[in-house]
Structures are given as C-alpha cells and as structure tokens.
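Accompanying notes for the structure given below.
Here, each number is a calculation from the coordinates, and none is a lab measurement. All figures in this text were calculated on a predicted structure; none of them were measured in a lab. All Cβ positions, glycine included, derive from the backbone under ideal geometry; neighbour counts span all protein chains shown.
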Amino acid sequence: MKPKHVPAAAGAPDPYFPNSGDHRYRVHRYELALDYRPGPNRLAGSARLSAVADAALAEFALDLAEFRIGRVLVDGRATRYTHRGNKLRIRPAKALAPGAAFTVEVHYTGNPRPVRSPWGGLGWEELTEGALVASQPVGAPSWFPCNDRPSDKATYQLAVTTPSPFTVVASGRLLTRTTRASSTTWVYEQSAPTPTYLVTVSIGHYRAVPLAVRPAIPQTGYVPERLAVAFARDFARQPEMAAYFGEVFGPYPFGEYAVVVADEELDVPVEAQGVATFGTNHLGGGWERERLIAHELAHQWFGNSVTIADWRHIWLNEGFAKYAEWLWSEHAGGPGAAVHAAAAHRLLAGLPQDLRLGDPSRKLMFDDRLYQRGGLVVHALRRTLGEDAFFAMLRDWTGANRHGVVATADLRAHAARYTTAPLGPLFEAWLERPELPPLPD
Ligand SMILES: [Zn+2]
C-alpha cells in the first residue's frame, strides 16, 4: 500500500470546529464495548483507543459528552483527568514522547443525548423502540470518547449488548452474535479506516431484507417488518446502481452496504461507513426518493472512502454525491446530467449568491446551494475535460485516494492532469467567488 498523502490541514485545528478533536495525536484503532438498555436509554461503555503522539504530550484531550466517567487509563495505568464542556482532558503520569504509541481506556455511563448544534441534535438519538446514530459533523462524542476530526481515520471494533429482541446494525462486518440470558452481544469489525462522524449503530426491531440474490457487494435492508415489501420494491434498483457506480467510480470501497429504515420520519437520510439510514418517509418511490438512494450510496466513495481533511472541503462530499444522482438518472434512462445541471443552474440563478463553495463557512456548510453548486462544478469539469478524460479523472480520484484524506487543492491538482487547458479560471470562478458562473458549453 502506498503511503497516504496527508494534506497540511490535517495537522491544525478544524477552522469550523476549533473545539473538536486534538491534532497532536492520531488514533488508529477504537475498541468499543457498549451495553445499551433502550427503555431507560442507559449506556454503559468502555472504549479502548490505540494512538500515536505527533508531539510531546503532557496532556491531551478526547471529545466526550456528559457521561459519568468511571476510570481513565493510559497504557494500563489509572490517570488524572478533567471533564468539562465535552472535553476529557487527560494528564498521563509521564508525558508522552513524540512518536510514542499509547493506549487510552475510558469507562463511562449515562443517558446518551444528541449533541446540540445549529442543525439540530447530532449523534446518538433515542427512538421510541431503540436508537440510531447520525453524527455528521460533530455528534460522535454523544456516544463514545474520540478524537473528533474527520482526518483522523481509524479501524473499529464495536461490541454492542442489548436486550435480545432488538437487532443491532453497525458499521462493518458482523463477527459474532452471542446470547446470554436475555441479552445479546453483537460484535462488528470495521477494518477500513473510518472517521468518527461515520461510525454508526442502529438498534431496533428490524427484519433483514437481502436486496439481491448474489450481488457483488452484499446489500441488506434492515427495516420494520411491516415495511419489508415496500422496501424491497423501492430499493430494487440499488444493486444495479451499485454496479454502475462501481464502473464509474471504481470498486466499491467496503465489504458490505446496509440500509437501515428507522421506524421514524427523518429530515434527511444520512450516510455512515458501509451503512445508510433512511426514515419511513423516504419510502414510496419516485425520483425525489430514488435520488436519495443514489446520493447516500455515492457517499461510500465520496466522503467515506475519500474523506475530507476538514469541513471547509465539504463540497467534495456533497458535490460528487449530488452529481452521482444526475449520473444515475442519465444511466437509468431518465433526464441526462445536462438537464439536471441546467435546472440546478436556473435554481441558483434565482437565489442569493453569497456562498463560496471552497470555504462556505460553518453556517452554510449544509445549505442546499452548496449541494447544487457542487454538482455543477463537477458537470463543468465534465464539459471542460470531455467524456473520456472526465471519467478517467473520476475513477483515478477515488482510486488514488481510496481510504485517504483530501482537500480541495488535491482535486484541483488531480484534475489538471487530465487536460492541457488551464483549469485555474474554472475552479476560481466556481469555488472561490460567490457569483454564479455560466455553465461551460
Ligand atoms: Zn450528502
């Protein structure tokens, strides 16, 4: 495996979330053991993190919401800590040397609650029957202690114990399921590097619905029993979609893809590593729902495998996922990408033009205009590069950065290799200036 390029931004605090994460160390593995009781919404957890110090550390911080902390150990020894404002500050008995490998173990209990944000609650959410996790961008500390920055990707083992009637779906492959007395422990392994915001668990009364008899990638729905038939109908084309995206984006980056339909209405579906979570309101068919199926699936390449260094670059996730919707429409015999692009352009032309795509501000990072304009940049690139060069550029981008971390400058440098025309003016107009440029012919 070739060494991954790490953008400079990975070594600095996130400009949009300066209080999240600690850039002075990296975690390469999380082992989480969680016991969850849905009735009282009670979580008892232990987390073991394996990390490497990038600097001399007399103290370091983990992000963790309001839980009662039992014990904190560094390299197996009980350690002093403080816990305030969702920051667990840990002072090891002996300072860690630059380059030192170390482990941290945290035992904690409490009633998990979403982290408050301008976009509503993030992270662990209690449902009428069970729970789900949707952390983007900074909700992970609602359920486990972590270095909460997207560039710090790690592998995960998740062992979740809960009353036996419930099904547990989590990121990764199910290794074991063991029932003792009235509880069952589900152990999942996520061996692909995963940012904290994409780690997920869903607990509910679900029936497993396999989507195809023998698809290249196992694709399973976890849905309330009464919705199994509707799900099988509405998601019937997803295996075909995955096969098409495999052609245009390169091989699917993970070992499986699970779709959870939570027994609630959700504002928007959300992507996680190898998993997407939809609400009951996303069933029913039609283009507005089918495009969401394509969008969430495309995030497995854009965002989940190829991950942004910090949140300024979010258009790299959302622009490509939006464009994937248009590509699917074109491939599936619906309106072509050019038709969708023209409609998006008309829409944006009638809206305020105060968004800079390459650094949209925290306030506008989930603005619908970012999604639309992100799709338009990709379409402008396709027009400028031409079909063959564009699709080669796309496949090579996900290939060269598979399981890696990228920034906008990386895409600019990458795309420049596929044309002799200067792309600077295109990127500057679309990414750096707020006015809406015309679409290239
Ligand atoms: Zn998205």
Item to check | Whichever residue in the stretch 300-313 is assigned to a loop (DSSP other than H, G, I, E, B) and of a type in the set (A, V, I, L, M, F, W, C) and, among such residues, is farthest from the ligand (Cβ to nearest atom) | outcome: Ala309
Checklist outcome for this item: Log entry, pairs with first residue in the stretch 259-276 being within 15 Å of Gly130 (Cβ to Cβ) and among the polar types (S, T, N, Q), second being in a loop (DSSP other than H, G, I, E, B) and more than 12 Å from the ligand (Cβ to nearest atom), beta carbons closer than 8 Å, six or more apart or on different chains, reads none
Checklist entry - With respect to Tyr16, is the statement that it is in a strand (DSSP E or B) and among the aromatic types (Phe, Trp, Tyr) true? => result no
Next on the checklist: Taking the conditions exactly as written (among the aliphatic types (A, V, I, L, M), more than 13 Å from the ligand (Cβ to nearest atom) and under 27 Å from Ser361 (Cα atoms)), does Leu297 satisfy them or not?
Outcome noted: no
Checklist entry - How many residues are farther than 23 Å from Asp75 by Cβ and either charged (D, E, K, R) or in contact with a Cys (Cβ under 8 Å, 6 or more places away or on another chain) (or both) if we restrict to the stretch 35-59? => result 3
Next on the checklist: Condition first: within 27 Å of Pro118 (Cα to Cα), touching a strand residue (DSSP E or B) at 6+ places or on another chain (Cβ under 9 Å) and assigned to a helix (DSSP H, G or I). Can you find one or more residues in the stretch 393-408 that meet it?
Outcome noted: yes
Item to check | Matching residues, the stretch 314-356, being more than 16 Å from the ligand (Cβ to nearest atom) and in contact with a Gly (Cβ under 6 Å, 6 or more places away or on another chain) | outcome: Glu330
Item to check | Subset of the stretch 359-384 [surrounded by fewer than 20 Cβ atoms within 10 Å (Cβ to Cβ) and more than 16 Å from the ligand (Cβ to nearest atom)] | outcome: Asp359, Ser361, Arg362, Lys363, Arg383, Thr384
Checklist entry - Is at least one residue of the stretch 347-368 under 21 Å from Trp301 (Cα atoms) and part of a helix (DSSP H, G or I)? => result yes
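For the stretch 102-220, list the strands (runs of 3 or more DSSP E) that sit wholly inside it and hold at least 2 residues that are buried (at least 21 other Cβ atoms within 10 Å of the Cβ) and under 17 Å from the mean Cα position of the chain (by Cα); which are they?
Output list reads 123-127, 130-134, 154-163, 167-170, 183-194, 201-204.
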Checklist entry - Considering Glu290, Glu265, which residue is away from the ligand (no atom under 12 Å from the Cβ) and either part of a loop (DSSP other than H, G, I, E, B) or of a type in the set (Lys, Arg) (or both)? => result Glu265
Checklist entry - Picking from Leu381, Leu370, which residue would you name as being within 22 Å of Gly336 (Cβ to Cβ) and aliphatic (A, V, I, L, M)? => result Leu381
